[in-house]
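Okay, so here's the structure we're looking at.
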Amino acid sequence: MESKAILEVRDLEVYFPIKKGLLKKKVGEVKAVDGLSFTLKRGETLGLVGESGCGKTTTGKAIVKLIEATGGEIYYDGREILNMSPREFKAIRPKLQMIFQDPFSSLNPRMTVGDIIAEPIKFHRPQENIQELVEHYLELTGLKKEQLSRYPHEFSGGQRQRIGIARALALNPEVIIADEPVSALDVSIQAKIINLMKRLQEELGIAYLFIAHDLSIVKHISDYIAVMYLGNIVELSPAKELYQNPAHPYTKALISSIPIPDPRKKKDEIILKGEIPSPLDAPSGCKFATRCPYATTKCNNQRPKMEVISNNHQVACHHWKKINS
Ligand SMILES: Nc1ncnc2c1ncn2[C@@H]1O[C@H](COP(=O)(O)OP(=O)(O)O)[C@@H](O)[C@H]1O
Ligand SMILES: [Mg+2]
């Protein structure tokens, strides 16, 4: 394990049982996360990208133990947390925070902003000067002191995300799992929130697992990017390398669907055929085979393993050499 890793996820599995009938007999399982591994270094950002339903939120929730993992290991600062007792994990939990796409649903509508930010401080750091800290986090996230006594519904979507971030920061986290934090916001506001998160990272050294459903949003904030498809990572690479030399056909398709601002630049868009299969009965070979323009019999029968193709760049595809030659 690398010394600088703050979070290491190994072969994480989250299978949801499907139960039917009066006796609630298990008739199958949804393999929402199906053997996921990655490392997040201290103070860095890993972008986790993939279409809706591929298991991103489930991954995030499993890391903070809002959902129970059915397999694998998760190390926070070198200590395995999945098998930790609830008492032991309680001390670590503040260090791992999660923020969501719609902070409104997680902000208590009957509490003022000041109380929302004060609550976690009172609980976890009661010995500290609460009012001072509340104002500190408010200022850090670009909100104003006058706004302390207002309620969540009085704020815009972007401001509410700032409140959500301030509340997470109040716990002094080392890792923030940001689950599509800007997907619901206008494009102009998206950039502001992303810049805020970058600045906070520089000042506070927080690591982000930044979840998004397309590659355009994570481009400027990520050090590394993991591309996810149906519960697996299919490509993992330093961010710049991924955009310059995508190796997996799915990554290529995602990149080719990013709009190019300059209309004179031409681009061959790769259109994926078909729909994403259900994680209930995912193909037994390569899960992407049903939509891949390069799929062969081998792909239908054999699941590809992650292969290192260059420094820190890995891909799970039987034909990456041929496709990229
Ligand atoms: N509690 C649950 N029970 C059964 N299936 C679930 C549950 N939560 C999520 N799923 C399924 O797991 C898959 C991954 O979901 P999710 O992690 O929300 O994807 P994403 O965040 O990438 O859109 C989806 O097929 C979803 O329907
Ligand atoms: Mg999600």
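The values are calculated or read from the model by the stated rules, or taken from the named source; none is laboratory data. Fair warning: this is a prediction, and the values are worked out from it, not measured in the lab. All Cβ positions, glycine included, derive from the backbone under ideal geometry; neighbour counts span all protein chains shown. Just the protein is used for accessible areas: all its heavy atoms, side chains included, with ligands, DNA and RNA removed. Shrake-Rupley method; radii C 1.70, N 1.55, O 1.52, S 1.80 Å.
Tabulated values for the structure
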{"item": "Helices (runs of 4 or more DSSP H) within region 1-118 that include 2 or more residues open to solvent by less than 70 Å² (accessible area, probe 1.4 Å) and within 14 Å of ligand 2 (Cβ to nearest atom)", "result": "56-63"}
{"item": "Sole residue being at pLDDT 90 or above, open to solvent by 60 Å² or more (accessible area, probe 1.4 Å) and not in a loop (DSSP other than H, G, I, E, B), chosen from Lys321, Lys305", "result": "Lys321"}
{"item": "Set Ala32, Ala69, Ala91: member being within 15 Å of ligand 1 (Cβ to nearest atom) and without any contact (Cβ under 8 Å) to a residue 60 or more places away in the chain", "result": "Ala69"}
{"item": "Region 226-240, subset open to solvent by less than 10 Å² (accessible area, probe 1.4 Å) and out of contact with any Ser or Thr (no Cβ under 6 Å at 6 or more places or on another chain), residue nearest to ligand 2 (Cβ to nearest atom)", "result": "Met228"}
{"item": "Enumeration of residues in region 193-204 that are open to solvent by 30 Å² or more (accessible area, probe 1.4 Å) and either in contact (Cβ under 8 Å) with a residue 12 or more places away in the chain or within 16 Å of ligand 1 (Cβ to nearest atom) (or both)", "result": "Lys198, Glu203, Leu204"}
{"item": "Lone unmet requirement of (1) under 30 Å from Phe104 (Cβ atoms); (2) within 16 Å of ligand 1 (Cβ to nearest atom) for Gln190", "result": "(2)"}
{"item": "All positions within region 266-292 that are open to solvent by less than 90 Å² (accessible area, probe 1.4 Å), over 16 Å from Tyr229 (Cα atoms) and of a type outside the set (A, V, I, L, M, F, W, C)", "result": "Lys267"}
{"item": "Top-ranked residue in region 308-318 [being among the β-branched types (Val, Ile, Thr) and more than 22 Å from the chain's Cα centre (by Cα); ranked as least open to solvent (accessible area, probe 1.4 Å)]", "result": "Ile309"}
{"item": "Residue list for region 263-302, restricted to those being part of a helix (DSSP H, G or I) and at pLDDT 90 or above", "result": "Ala289, Thr290, Arg291, Thr297, Lys298, Cys299, Asn300, Asn301"}
{"item": "Residue within region 178-185 that is more than 30 Å from Lys252 (Cβ to Cβ) and either within 16 Å of ligand 2 (Cβ to nearest atom) or not in a helix (DSSP H, G or I) (or both) present", "result": "no"}
{"item": "Some residue of region 141-151 being under 19 Å from Asp179 (Cα atoms) and touching a helix residue (DSSP H, G or I) at 6+ places or on another chain (Cβ under 8 Å)", "result": "yes"}
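Let's see how each residue does on (1) in contact with a helix residue (DSSP H, G or I) (Cβ under 7 Å, 6 or more places away or on another chain); (2) at pLDDT 95 or above:
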site: Asp102; (1), (2): no, no
site: Ser105; (1), (2): no, no
site: Ile121; (1), (2): yes, no
site: Gln131; (1), (2): no, no
site: Leu169; (1), (2): yes, yes
site: Asn172; (1), (2): yes, no
site: Asp179; (1), (2): yes, yes
site: Ile194; (1), (2): no, yes
